[in-house]
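To start, the structure under review is shown below, and the notes come after it.
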Amino acid sequence: MKKTAAWLAVHALEQLGVKYTFGIPGVQNTEFYDELNKSEQIAPVLVTHEGSAAFIADAVSRVSGTVGTLAIVPAAGLTHAASGIAEALLAGVPMLVITGGIRTDLGKRYQLHEIDQHAFMKPLTKATFHVKTHAEVVPAIYEAYRIATSGVPGPVFIELPVNLQLMPGEAGELPAFAPAPPPALPAQADLARAADLLLAAKRPGLFVGWGAVDAWPQLVEIAEFLQAPVATTLQGQSAFPHNHPLHAGFSFGPHAVPAARNAFAECDALLAVGTRFAELATGSFGAPVPENLVHVDIDPEVIGVNYPAKVALAGDAAAVLRELTFELRARGTARPAAVGPQEQIRRDKQAWREEWYGHDAKGRVNPARFFDEVRKQMPDDAIATVDDGNHTFLTAELFPVHAPRALILPTDFNCMGYAVPAAVGAKLSQPQREVFSIVGDGAFMMTCMEILTATKEGLGIAYFVFHDGELSQIAQAQEIPYNRKPCAVLGSVNLEGVATATGAAYLRLENDETIAATISEARRLAATGRPVVVDVNIDYSKRTAFTAGVVKTNFKRFPLAQRLRMVSRALLRKVTG
């Protein structure tokens, strides 16, 4: 069979169930785009920037059963997309990254876009493929998909030279796709040891990350059996229902909200699932992880890296937890709810809410009142995309997540500019669900032009822009030790002008009195298939528990001389202005 590499690539993607590609056509992938345009299964989506394309593809993978796929030009397109690719790598999100490539049949150097893409992509992906013949195209894309979706998911890069795309060649018999086998389960003896350790604990706890997002029922069953409080990582917030009485909050330790701090204060055994105990998840490694740690992760190499595990259980979270549940029930009895921490958690959450409600927002929007109204109005399965900034931790501490994969955000790579394009990917792949964004004005300005794509595709998304005129998370981190905010104060941006430029509707949310009506109107407009920019006059004067706790954790680590220097400098600057 003689076919072009462009035809073969589209055929392979169709067999894998890919529904969309994201990118920009260019001189070395026009043939690929022509074949995509013919496909009855795949819709190529034009974006305004390849960096946004990667964030869109990331979101598609996070909220749907398909794999987000990039169709971008080599070199400049790939370097633009690199931030989103790296975000997916550190977040464990599968992605296919397909570019054109320079001609391999000319024998000439210094061609347009000629860089070593594979050297560039090696640290940002799980694997790279440089296709040399037509017969390699379909097997390479199938293998790339298997690698991207197996073990710890992540992005994989494929380069298709333009001469192979343009010119037919012998491809041989086209193979059928064969999925990778499921990962093995841990040894029965290790599962038994884990069960015994958890049953022997007086105050067991659960700490869950994104790797446990598809183990929601198993986590609920184990938490209820052990009567153990549950804390989540930042990325793993939608791995456990926040309206469950055992949900304590985001993380645990000095940087966590009071409900999580108190629920885990005497934790003597921890079941950690789908988390690497990374810096954000642990509040700069300030979480008090107990010696009796049972660590479940699909990647055996992350277990015990930052905190030693008494029992290591490598494997898929849902499958491992099913087996662990059998062991728990075989070796012990369920604890009665009366001995659990639910009542303390309930009281602490209520007191935290009252503290926030009592905060004087000075005519601006109180974050707790805003998030409570969003939760009241939005359906449980609505998808929230969040960016990187102070609004991230406000969301983590104040917005309850009620459904799996219902909140997505950048974490370990921590890249600003994620939320706006990610909402496009979420809405495209889950059109029946409401999608909204919580995004700071600094992050919004990085990728706000991607609202053009939402408008073009008829996607009704509400973008709640927390507009305070600063890079607030960094400004706070600067203000505490320096009493200065260098380069953290933004220039004035007219958000109504951005909405007009991108075809979106515009609403201004001025104060607490207008929260309910403005959110309702934003939802009404979004339901017509039009994106909406909601300019939220947010109050950031009350710091999050995370910010206050992390500052204290890091300050305590400094040598005494450095602490004295920082304190004296801060005091002097407060006095002198």
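Residue check: is residue 395 of a type in the set (S, T, N, Q) and either under 15 Å from residue 466 (Cβ atoms) or open to solvent by 20 Å² or more (accessible area, probe 1.4 Å) (or both)? Before you say what the answer is, go through the steps one by one.
Numbers: of a type in the set (S, T, N, Q): yes; either under 15 Å from residue 466 (Cβ atoms) or open to solvent by 20 Å² or more (accessible area, probe 1.4 Å) (or both): yes.
Yes; evaluated as a whole, the condition is true for this residue.
Does residue 324 fit the bill of being outside any strand (DSSP E or B) and crowded, with 17+ Cβ neighbours inside 10 Å?
On the way: outside any strand (DSSP E or B): yes; crowded, with 17+ Cβ neighbours inside 10 Å: yes.
Against the criterion (outside any strand (DSSP E or B) and crowded, with 17+ Cβ neighbours inside 10 Å), residue 324 qualifies.
Of the helices (runs of 4 or more DSSP H) entirely within the stretch 459-559, those holding at least 3 residues that are of a type in the set (A, V, I, L, M), under 19 Å from residue 438 (Cβ atoms) and open to solvent by less than 10 Å² (accessible area, probe 1.4 Å) occupy 515-526.
Filter the stretch 153-177 down to residues that are among the β-branched types (Val, Ile, Thr) and either part of a loop (DSSP other than H, G, I, E, B) or within 13 Å of residue 137 (Cα to Cα) (or both) and give me whichever is most open to solvent (accessible area, probe 1.4 Å). If you could, list the steps in order and put the result at the bottom.
The initial filter retains those residues of the stretch 153-177 that are among the β-branched types (Val, Ile, Thr), namely 156, 158, 162.
Among the residues that remain, those that are also either part of a loop (DSSP other than H, G, I, E, B) or within 13 Å of residue 137 (Cα to Cα) (or both) are: 158, 162.
Details: 158: 0, 162: 17 Å².
My answer is 162.
Can you find, within the stretch 383-404, the residue that is farthest from residue 368 (Cα to Cα) among those that are part of a strand (DSSP E or B) and either more than 12 Å from the chain's Cα centre (by Cα) or of a type in the set (A, V, I, L, M) (or both)? So the residue we want is 383. Selection over the stretch 291-313 of residues that are free of Cβ contacts under 8 Å to residues at least 24 places away in the same chain and either touching a Pro at 6+ places or on another chain (Cβ under 9 Å) or open to solvent by less than 20 Å² (accessible area, probe 1.4 Å) (or both) gives a count of 2. Annotation: residue 223 fulfils all but one of (1) touching a Leu at 6+ places or on another chain (Cβ under 8 Å); (2) in contact (Cβ under 8 Å) with a residue 40 or more places away in the chain; (3) assigned to a helix (DSSP H, G or I); the unmet one is (2).
Taken as a whole, the structure places residue 129 among residues that are modelled with pLDDT of 95 or more and either touching a helix residue (DSSP H, G or I) at 6+ places or on another chain (Cβ under 8 Å) or among the basic types (Lys, Arg) (or both).
Just to be sure before I move on: is residue 214 closer than 20 Å to residue 319 by Cα and in a loop (DSSP other than H, G, I, E, B) in the structure I sent? Yes, satisfied. Scanning the stretch 414-458 for residues that are within 16 Å of the chain's Cα centre (by Cα), open to solvent by 10 Å² or more (accessible area, probe 1.4 Å) and at positive phi yields a single hit, 414.
Search the stretch 239-266 for residues being assigned to a loop (DSSP other than H, G, I, E, B) and open to solvent by 20 Å² or more (accessible area, probe 1.4 Å), and hand back the single one that is nearest to residue 380 (Cα to Cα). Before the answer, list the steps.
Within the stretch 239-266, the subset assigned to a loop (DSSP other than H, G, I, E, B) is 240-246, 251-257, 264-266.
Next cut, open to solvent by 20 Å² or more (accessible area, probe 1.4 Å) only: 243-245, 254, 265-266.
Details: 243: 10, 244: 13, 245: 17, 254: 30, 265: 30, 266: 32 Å.
If we take residues in the stretch 239-266 being assigned to a loop (DSSP other than H, G, I, E, B) and open to solvent by 20 Å² or more (accessible area, probe 1.4 Å), then 243 is nearest to residue 380 (Cα to Cα).
Residues in the stretch 366-423 that are among the aromatic types (Phe, Trp, Tyr) and closer than 24 Å to residue 514 by Cα: 370, 371, 393, 399.
Could you check the stretch 79-97 and list, in sequence order, the residues that are assigned to a helix (DSSP H, G or I), touching a residue at least 60 places away in the same chain (Cβ under 8 Å) and either open to solvent by 10 Å² or more (accessible area, probe 1.4 Å) or of a type in the set (A, V, I, L, M) (or both)? Result: 83, 85, 86, 88, 89, 90, 91.
Screening the stretch 1-56 for residues that are closer than 26 Å to residue 103 by Cα, touching a Pro at 6+ places or on another chain (Cβ under 9 Å) and among the aliphatic types (A, V, I, L, M) and picking the one that is surrounded by the fewest Cβ atoms within 10 Å (Cβ to Cβ) gives 46.
If you go through the stretch 65-73 one residue at a time, do you hit one that is at pLDDT below 95, over 21 Å from residue 175 (Cβ atoms), surrounded by fewer than 24 Cβ atoms within 10 Å (Cβ to Cβ) and under 17 Å from the mean Cα position of the chain (by Cα)?
Kept after step one, since they are at pLDDT below 95, are these residues of the stretch 65-73: 65-66.
If we keep only those that are over 21 Å from residue 175 (Cβ atoms) too, we end up with 65.
Remaining after also requiring surrounded by fewer than 24 Cβ atoms within 10 Å (Cβ to Cβ): 65.
Keeping just the survivors that are under 17 Å from the mean Cα position of the chain (by Cα) gives 65.
Checked against the condition, which is being at pLDDT below 95, over 21 Å from residue 175 (Cβ atoms), surrounded by fewer than 24 Cβ atoms within 10 Å (Cβ to Cβ) and under 17 Å from the mean Cα position of the chain (by Cα), the stretch 65-73 yields at least one hit.
Within the stretch 178-191, is even one residue in a helix (DSSP H, G or I) and either open to solvent by 60 Å² or more (accessible area, probe 1.4 Å) or within 23 Å of residue 95 (Cα to Cα) (or both)? Yes, there is a match, as at least one residue in the stretch 178-191 is in a helix (DSSP H, G or I) and either open to solvent by 60 Å² or more (accessible area, probe 1.4 Å) or within 23 Å of residue 95 (Cα to Cα) (or both).
Inside the stretch 104-135, residues that are without any contact (Cβ under 8 Å) to a residue 40 or more places away in the chain and open to solvent by less than 70 Å² (accessible area, probe 1.4 Å) make up a count of 9. Taking the criterion of being open to solvent by less than 10 Å² (accessible area, probe 1.4 Å) and not in a strand (DSSP E or B), the residues of the stretch 267-280 that qualify are 275, 277. Looking across the stretch 398-413, the residues that are open to solvent by 10 Å² or more (accessible area, probe 1.4 Å), more than 22 Å from residue 521 (Cα to Cα) and not hydrophobic (A, V, I, L, M, F, W, C) come down to 402, 404, 405, 412.
The values are calculated or read from the model by the stated rules, or taken from the named source; none is laboratory data. If you're wondering where the values come from, they're calculated on a predicted model, not measured in any experiment. Cβ: placed from backbone, ideal geometry, glycine included. Neighbour counts: every protein chain shown. Heads up: the accessible areas ignore ligands, DNA and RNA and are worked out on the full protein's heavy atoms, side chains in. Shrake-Rupley method; radii C 1.70, N 1.55, O 1.52, S 1.80 Å.
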